[in-house]
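Here's the structure we're looking at; comments come further down.
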Amino acid sequence: MAFYSLKTGRARYRQGWLFAAALAVCLVLASPLLVIVWQAAQSDPADFIDTLWRPLVASLALNTALIVASTTLLCGVLGLVSAWFSERTRLPWQGLWPLLSVAPMAVPTFISSYAWVSLSDDLQGFPAALLVLVSAYSPLVFLPVSAALRGLDPALEETARTLGLGPWRCFFRLILPQLRPALLGGMLLVALSTLSEFGAFVLLRFRTFTTEIFAEYRAGFDSHGAAQLSIALLLAAALLIGLEWRVRRQASSYERRARGTRRAPPRLELGAGKWLVVAGFLLLSCVTLLLPLSTLGYWLTQHGDAAVSPVEVSAQLLFDASFSSIELGLEGAALTVLLALPLGYLLARRPGRVAAFMERVAFLVQGVPGIVIALGLVTVSIRVIPGLYQSQFLLLLAYAILFLPLAMVSVRSALLQAESRLEELARSLGLKGWQTWLRVLLPMAAPGLGAAASLVFLSIVTELTATLLLSPIGTETLATQIWADTSAMAFAAAAPYALILTVLSMVSTWLLMLLLGGNAINRLAADGTTVAGETAHV
Amino acid sequence: MSELSIQGLCKRFAQHRVIDQLDLHLTAGSTLALLGPSGSGKTTLLRMLCGFEHCDAGSISIGGTIVSSPGIHLPPERRRIGYVPQEGALFPHLKVADNIVFGLPRSLRKQRHRVAELLEMVGLPADYADRAPQHLSGGQQQRVALARALAAEPAVVLLDEPFSALDSGLRNDTRQAVMQALQAAGATAVLVTHDQSEALSCGEQVAVLWQGRLLQQDSPANLYRHPRTPELAGFLGESILLAGVATAGRVECVLGGFPMADSKLQGAVEVLIRPEQIRLGPPAPDTVQATVIGMEYFGHDATLHLQLRQGQHIIKARTSGWHAYQHGQTVALAVDGPLTVFAQQGPGRSTAETPDNARFLLSQS
Ligand SMILES: Nc1ncnc2c1ncn2[C@@H]1O[C@H](COP(=O)(O)OP(=O)(O)OP(=O)(O)O)[C@@H](O)[C@H]1O
Ligand SMILES: [Mg+2]
């Protein structure tokens, strides 16, 4: 009907701008990926096969597959079991266990790797990598699974009990199948994060695709071999992303329609067994939190010569590194949220095929290993826009690409909370478009935007891969300092940097929780993607 | 199908008595509607029958076996109870057929034992077997939930407000389908509701629960005609309470003298008259006359507000919606007896217009 197509020229013009801006952001997001694929398409297939068909590559592939599979499985089991015990059994200090289960996520993997490797030379290679990654990533399973457990309708279990199923069969035939999307989704995130992991593998001397890509790139600035290995890594990531999409679709079909108020799910009485569970949780927290953090504390009290390589900390360097970490974090957060605004606005206010496509692009990029994106950007800066190479802006751009999907989720939900009705109401009260943005939309969405910014800040200060590859010569951050000192076995020297980084990470986590309000952990869990990105690129 | 028997059942949450000395007996194969206002403990009673809650005192036995008493608690999975929770609660990850056979042994599950038969019993086409529960309407979900409960041939079927989430049209259809299916299965069933017309139309027996106590259990007609207290009368439907004097099986009130249902009472009593017991006719000498002072018109029937010539009482009468009555018109009243009477309960209660007893009951709970 003509009535509906009556839009003023100005409205259409404004919408055009919105779509153009969102499209531009998407293009920036996808550029490193496009360049890598384009490069691969240029190269000779025979040459490609030659590069990949080497014993070295076979052993790398084996290592990568081994660590991805075992981390994923262990995280799945650990996350499921701890989520079930903390949600479904009656334990003393009930509120503590979910916190302890999630907290290890706030410790960057290269810091815990540093802690373990500095304890003993034996803590290297596969077992150590497995230990570090399982500690850091099992919250990725714990969070969605415990949210799903809380969301289960207890009436279903009760019905199953009256149909003759005992508690055990009830778990396997009813609860587990319903947890499947959350569990598989969490496990796939673990797999993707493990595939992209870099810092921990280098520090623990475990060779995978990511470490080899880095080594080849550093060795000769020969981006050729590195690019071809990147393609292999990208293919593996694409497989996992495809699987994740399937699980996501399945999850949405499990959602039940209208439900009334439900009673709280019952918690199982374990009797004396509860102390065994408490002991288990405590032991786990010792390994994932207490030991790494107290090792850090130990090195703080030591002089430089207590470590294998005696290096003293320079106060000037410490200050410089902290300053540039914070500076990069703040600038990167601002840039990322700014770029996320048009996409988030489009998704919240004009959902449709275009918006859905752009969302997919963002999620695709989120799944790509950070080192691949960084290498792609290097190529862009060398071949396409030469002035960009080795500039701080390129690094900021890398951060924006890595963490934009993360910010986009928060921006979108912030804008969704600021209802469009109120925006229309403001217009009816005589406010112009930009006035509405300034006086209605931004104030209402501010906490959500702040949350997005602090999430990005947190991710940037703990980011290692892109920072190592792209930071301008002479720029050292906390993360790169820890990496350099630990690589040189100067453990005491690394400790102050690690301390400052841990404090920064905790402060921004605290800010994040504050901005998200009350039940922040639940809200994080509700949006598995929010959590996903935080560790996916470390 | 088994009989259900409850004796002296008590349940307390903290200090709050939710079920209080409850006795109830249901013969095998019959249907009981459990009626009670919100918060009266209906759900709690069902959950105790299912075995989700332990009992503090008393006992529950199904088919002669004690399943709950202070020392004994048979777990839910061994009670052979078919439970239909509010809103159906179908397993979202399973198709309709897999939902229905969920409680059966593996071999029967594989062959989709009796799925077609059960679907037909609850009035759904056989090709619904392969649908996902998310693609069913609320009423259809409710029916599948009943089929699932019946599939394991339970001793007793329990339904907790199965129709309350449905809108009125769907509600009637679903109710009929469910009642027919229960009858076809010959099930011993307890259906919980807070809607008195639903209770009266569903059960062979109706039990009224109020603040955790069982006020009365009877057939729907007996319950409606001869409730045990005036409050209960008001809860079950509109009622008129008049002062009267009982002597030798007859009671005298402003509307005349009538036979009593309970002839043992003597002296000052309260007389219960339902608005539909009053018949209107053209005014004639020697009749009780009244003036129409108000009318609520519903189409199929109408409620007239009448002011008696004598005594200035205002009473309500239900008439067919077909006859037109005018404001201010004079009519003659006759009453279909016999009447139910209650012993006078203290001096404070006035005899005139009925207080809204239903509301009184609800505000108590
Ligand atoms: N788990 C519980 N803990 C404490 N009190 C409870 C619990 N379950 C029920 N109650 C209380 O017991 C009383 C009866 O609750 P119940 O759910 O049985 O009412 P109901 O008759 O089913 O009401 P409705 O018609 O609203 O469903 C209520 O006052 C309720 O607050
Ligand atoms: Mg109830």
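Between the alpha-carbon centres of segment A:77-96 and segment B:58-85 there is a gap of 30 Å.
Can you pull a Stokes-Einstein diffusion coefficient for segment A:1-147 at 10 °C (1.306 mPa s), Rh from Kirkwood over Cα pairs, as a whole number of µm²/s? It diffuses with D of about 77 µm²/s by this estimate. Rounded to the nearest angstrom and listed largest first, the equivalent-ellipsoid semi-axes of segment A:35-254 from its Cα gyration tensor are 39, 22, 13. Entry note: segment A:423-511 has Rg to Rh equal to 1.28, where both radii use alpha-carbon atoms and Rh is the Kirkwood radius. Taking every alpha-carbon pair under 8 Å whose residues sit at least 6 apart, chain B reaches a relative contact order of 16 percent. Across peptide B:84-97, the average count of Cβ atoms from other chains found within 10 Å of a residue's Cβ is 5. Peptides A:233-242, A:194-203 ranked from most to least packed, by the mean per-residue count of other Cβ atoms within 10 Å: A:194-203, A:233-242. Its relative contact order, with pairs defined as Cα atoms under 8 Å and 6+ residues apart, puts chain A at 22 percent. Working ranking of peptides A:149-161, B:278-290 by packing, defined as the average number of other Cβ atoms within 10 Å per residue, highest first, is A:149-161, B:278-290. The alpha carbon gyration tensor of chain B gives principal lengths a ≥ b ≥ c with a/c of 1.5 or higher and a/b greater than b/c, which makes the shape prolate. Length available on full extension from B:Arg78 to B:Gln266: 0.36 nm per residue minus the Cα-Cα distance, which gives 62.4 nm.
Here the Kirkwood formula puts the hydrodynamic radius of segment B:61-148 at 14.2 Å, using every distinct Cα pair. Normalising the average separation of contacting C-alpha pairs (under 8 angstrom, six or more residues apart) by the number of residues puts the relative contact order of segment A:306-538 at 32 percent. Evaluated at q = 0.08 Å⁻¹, the base-10 log of the normalised Debye intensity for chain A, with identical point scatterers placed on the Cα atoms, takes the values -0.55. Highest mean first, the peptides A:80-89, A:435-444 sorted by other C-beta atoms within 10 Å per residue fall in the order A:80-89, A:435-444.
Remark: spin-label model distance B:His135-A:Leu438 equals 5.3 nm, labels positioned 7 Å along the Cα→Cβ axis. When the Cα atoms of segment B:226-364 are aligned to their principal axes, the ranges along those axes come out at 39, 39, 24 Å in descending order. Distance between the C-alpha centers of segment B:281-316 and segment A:146-194? Whole Å please. Between the Cα centres of segment B:281-316 and segment A:146-194 lies a distance of 63 Å.
Segment A:Phe319..A:Phe357, full-extension length gain: 9.3 nm, with 0.36 nm per residue of separation and the alpha-carbon distance subtracted. Working note: Cα gyration tensor of the protein assembly as shown, eigenvalues times five, square-rooted, sorted largest first, giving semi-axes of 71, 32, 26 Å.
Using the alpha-carbon centroid of each, what span in Å lies between segment A:425-492 and segment B:111-130? Using only Cα atoms, the two centres lie 57 Å from each other.
With a Förster radius of 56 Å applied to the beta-carbon distance between A:Trp38 and B:Thr65, the computed FRET efficiency rounds to 0.15. Computed per residue of chain A from DSSP H runs no shorter than four, each worth -39500 (n - 2.57), the mean residue ellipticity at 222 nm is -25000 deg cm²/dmol.
Inter-chain neighbour count for A:149-156: the average number of beta-carbon atoms from partner chains within 10 Å of each residue's beta-carbon is 3. Using a Cα-Cα cut-off of under 17 Å, which lysines could be cross-linked to B:Lys11, ignoring same-chain neighbours fewer than 8 residues away? Output for B:Lys11: B:Lys42. Mean projected area of the convex hull spanned by the Cα atoms of segment B:4-222, taken over all viewing directions: 11.9 nm². Within the P(r) computed for segment A:148-257, what percentage of the Cα pairs occupies the region above 20 Å? Distances greater than 20 Å cover 58 percent of the Cα pairs. Within segment A:340-469, all pairs of alpha-carbon atoms sorted by distance into 10 Å bins from zero give the percentages 12, 34, 30, 17, 6, 0. I need the calculated FRET efficiency for the pair B:Val245 and B:Arg12, taking r as the beta carbon distance and R₀ as 41 Å, to the nearest 0.05. Step by step, r from the Cβ atoms, then E = 0.40.
Between A:Leu119 and A:Leu27, what FRET efficiency comes out of the Förster formula 1/(1 + (r/R0)^6) with R0 = 56 Å and r the beta carbon distance, rounded to 0.05? After rounding, the FRET efficiency stands at 0.75. Estimated purely from DSSP H runs of n ≥ 4, each contributing -39500 (n - 2.57), the mean residue ellipticity at 222 nm for chain B is -6500 deg cm²/dmol once divided by its residues.
Bear in mind these aren't lab numbers, they're just calculated from the coordinates by the rules spelled out. Being a predicted model, the structure only gives us computed values, none of them experimental. All Cβ positions, even for glycine, are placed from backbone atoms using ideal geometry, and neighbour counts span all protein chains on display.
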